[in-house]
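The values are calculated or read from the model by the stated rules, or taken from the named source; none is laboratory data. Worth saying up front: this structure is predicted, and the values here are computed from it rather than measured. Note that each Cβ is placed from the backbone with ideal geometry, even for glycine, and that neighbours are counted across all protein chains shown.
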Ligand SMILES: Nc1ncnc2c1ncn2[C@@H]1O[C@H](COP(=O)(O)OP(=O)(O)OP(=O)(O)O)[C@@H](O)[C@H]1O
Ligand SMILES: [Mg+2]
């Protein structure tokens, strides 16, 4: 029936020129213009000297009007009450009936009823009402905000990537940044954990304050203790002066605890206390200090498994696991490789402003390589390429690191053109791509690739020839 979330804004609709005109026409015939939608029924204010009246026929009458609205006609006369008939024109938006315009003698000072009008008069009024209903519908269409899919984002803060997993990450970051919650970021090496932590800080209310980073695996236990919490002079050999810890420096800002899986059980207790109470003591001190710090933690270890093995405190795990972001590895978003390549090339160009491009084959190889080291490995590779290529304008794939040449394919996989909607072409393109990928997975071994693809070896050889993939590996 009616679309409950899209009631018509009648207060604005009444200002439509046509409705004003129609009101006047109706008034001259002793009738009132009204409306009906999911919210109920009422007469239009200007139809009755600016005073909005609630339609006198409630309950059943309304239901009768409502049920008539789905008849196909543009307008009709319906009997809402034995003593009352009225003209009804449905407001249809995109196939759904959203309401109706009514004309009838339902206001207190109306003098006539439809039956007193001749058939010709009723038809004229009916056509006008239908015209007005279409106008209302078009008004609704242009003013009702429709839910628009959020635009694809190229990146977020310093994070680059357009792939669907990254779009999902950005949407989460929007919400996470605004909250004060502790965040645990997980992901393989080089997936951008620190970049994401910074993006959260920058987007938060703490963005103008300190963002303090420490790598928990870079220190031994005692040093990390003093690094995090500070120490009192004389607390240990070499503690020649009082020193504040990083928790104090991060006060009112964000503290990024990297490699949090590498922290000793003793320190886990101290960090837990800061998380729970915001308090700590410097090494060798008795004074309890209080800080207001948001913690973002990161690790590439499986903390849950460590909890199960008893090497990580369960209470701390749950404290930092309030929001858990798992960053996708680059091989699961290989469509981002070209934009990342361009981003890193651009950075290189700034240092040495010679226009450099990678050859299409080179980009194809970088895109198909499985990137165990993720974005950091890609970044290093681009830097290496630029150095090795010297003054060459276009950088060819022969300069790529041997491991990348070995585990990638230089075949440029044609993407189906945007306007190519033919199913056979799309299927061929998919078939070709799957073969390229299977050959790459099995280093060109056709027996294993064909088993993987569940086709006979002979069939695979035929397809490899058909698509000219004989050198897919080289
Ligand atoms: N999505 C991305 N866009 C642009 N640069 C990125 C992206 N992800 C990572 N990088 C770059 O890759 C490098 C590694 O990123 P980062 O240090 O944030 O990763 P990490 O997950 O913390 O790695 P590790 O586990 O080794 O500590 C950095 O130079 C960073 O700028
Ligand atoms: Mg890191």
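Note on segment 273-301: residues that are out of contact with any strand residue (DSSP E or B) (no Cβ under 8 Å at 6 or more places or on another chain), assigned to a loop (DSSP other than H, G, I, E, B) and under 18 Å from residue 183 (Cα atoms) total 2. Among the residues of segment 357-371, those that are surrounded by fewer than 19 Cβ atoms within 10 Å (Cβ to Cβ) and in a loop (DSSP other than H, G, I, E, B) comprise 359, 370.
Being touching a strand residue (DSSP E or B) at 6+ places or on another chain (Cβ under 7 Å), surrounded by 16 or more Cβ atoms within 10 Å (Cβ to Cβ) and in the same structural domain as residue 258 (by TED's automatic domain parsing) is a description that does not apply to residue 307. Take segment 302-341 and flag every residue that is assigned to a helix (DSSP H, G or I), touching a helix residue (DSSP H, G or I) at 6+ places or on another chain (Cβ under 7 Å) and within 30 Å of residue 437 (Cα to Cα). Of everything in segment 302-341, those that are assigned to a helix (DSSP H, G or I), touching a helix residue (DSSP H, G or I) at 6+ places or on another chain (Cβ under 7 Å) and within 30 Å of residue 437 (Cα to Cα) turn out to be 330, 332, 333, 334, 336, 337, 338, 340, 341. Within segment 209-226, the set of residues being in a loop (DSSP other than H, G, I, E, B) and surrounded by 17 or more Cβ atoms within 10 Å (Cβ to Cβ) comprises 209, 219. Using the structure shown, decide if residue 302 is at pLDDT 95 or above and either under 21 Å from residue 223 (Cα atoms) or away from ligand 2 (no atom under 16 Å from the Cβ) (or both). Here the answer is no, as residue 302 does not meet what is asked. Could you tell me whether segment 181-189 includes any residue that is out of contact with any helix residue (DSSP H, G or I) (no Cβ under 7 Å at 6 or more places or on another chain) and away from ligand 1 (no atom under 14 Å from the Cβ)? Yes, segment 181-189 contains a residue that is out of contact with any helix residue (DSSP H, G or I) (no Cβ under 7 Å at 6 or more places or on another chain) and away from ligand 1 (no atom under 14 Å from the Cβ).
Filtering 180, 194 for residues that are under 18 Å from residue 253 (Cα atoms), touching a residue at least 60 places away in the same chain (Cβ under 8 Å), exposed (fewer than 14 other Cβ atoms within 10 Å of the Cβ) and not assigned by TED's automatic domain parsing to the domain that holds residue 372 leaves a single hit, 180.
Checking 284, 203, 230 one by one, the residue that is out of contact with any helix residue (DSSP H, G or I) (no Cβ under 7 Å at 6 or more places or on another chain) and away from ligand 2 (no atom under 16 Å from the Cβ) is 284 and no other.
Among residues of segment 137-149 that are farther than 30 Å from residue 164 by Cα, those with a beta-carbon under 9 Å from a residue that is assigned to a helix (DSSP H, G or I) and modelled with pLDDT of 75 or more at least six positions away or on a different chain give the pairs 139/12; 139/13; 140/13; 143/12. In this entry, residue 254 passes the filter for residues that are under 28 Å from residue 159 (Cα atoms), crowded, with 16+ Cβ neighbours inside 10 Å and more than 14 Å from ligand 2 (Cβ to nearest atom). List pairs: first in segment 336-352 and farther than 21 Å from residue 166 by Cα, second within 16 Å of ligand 2 (Cβ to nearest atom), Cβ under 9 Å, 6+ apart or cross-chain? Hits for this filter: 347/379. For segment 372-385, the criterion of a residue being more than 15 Å from ligand 1 (Cβ to nearest atom), assigned to a helix (DSSP H, G or I), under 17 Å from residue 347 (Cα atoms) and touching a strand residue (DSSP E or B) at 6+ places or on another chain (Cβ under 9 Å) is satisfied by at least one position. When 195, 184, 173 are checked against the criterion of being within 16 Å of ligand 2 (Cβ to nearest atom) and part of a helix (DSSP H, G or I), 195 stands alone in meeting it.
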